[in-house]
Amino acid sequence: MNDMRTRNTAAYEWLMQRPATHWSKSHFSTTTYSDEEGPYEEDQMMKHTGDLCPKIAKILEDMKKKSMESIAHLNGKDESAYGTRFRLHLGDKTCSCRRWDLTGIPCPHAICGMYYMGHIPEEYVHECYKKETFINTYSQLMGTLNDMDMWPKVDFPPLIPPKCEKPTREA
């Protein structure tokens, strides 16, 4: 934060006016992952031959390339250090950079440590990104509703959409 304050005081002041829970990685949840796969990707998924979702496989390949710039040092059976900056634990699937913790996809530091220890990075990607999980999730038949008359009736007042206003130009 001190580095940010010296580089851009306005950005530092802006962040200080907001709760750290909204912008600091240390407050982000590590129990949910999101990659926003859409239903339009279902055909692409069925044609894909790998174990991971296509988008995740591409991200992991990019991470593998970045990991080639790293050097790992073994500290224990499941621990590896990336220089003096990042520590990872393969058993817990965590890295001190928190990228792996937050996304469920191994970061370059973790991948470097995995290769050093003879492990395969694909095995450490969270289950929610596996092709099998995707297929199991979307394998159930979902009936369509052609008309609003087919919607189930409820005893609540109808929801009113918010007012949408065009953004105004500031002078």
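Each reported figure results from applying straightforward, stated rules to the coordinates on display, with no laboratory input. Because the structure is a prediction, the values reported are computed rather than measured. Using ideal geometry, Cβ is built from the backbone for each residue, glycine included, and neighbour counts are taken over all protein chains shown.
The table below gives the values:
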quantity: Given (1) surrounded by 19 or more Cβ atoms within 10 Å (Cβ to Cβ); (2) within 17 Å of residue 70 (Cα to Cα), index of the condition residue 119 fails; calculated: (1)
quantity: Criterion violated by residue 167 - all others in (1) free of Cβ contacts under 8 Å to residues at least 60 places away in the same chain; (2) part of a helix (DSSP H, G or I) satisfied; calculated: (2)
quantity: Count - residues of the range 135-164 that are closer than 30 Å to residue 49 by Cα and outside any loop (DSSP other than H, G, I, E, B); calculated: 4
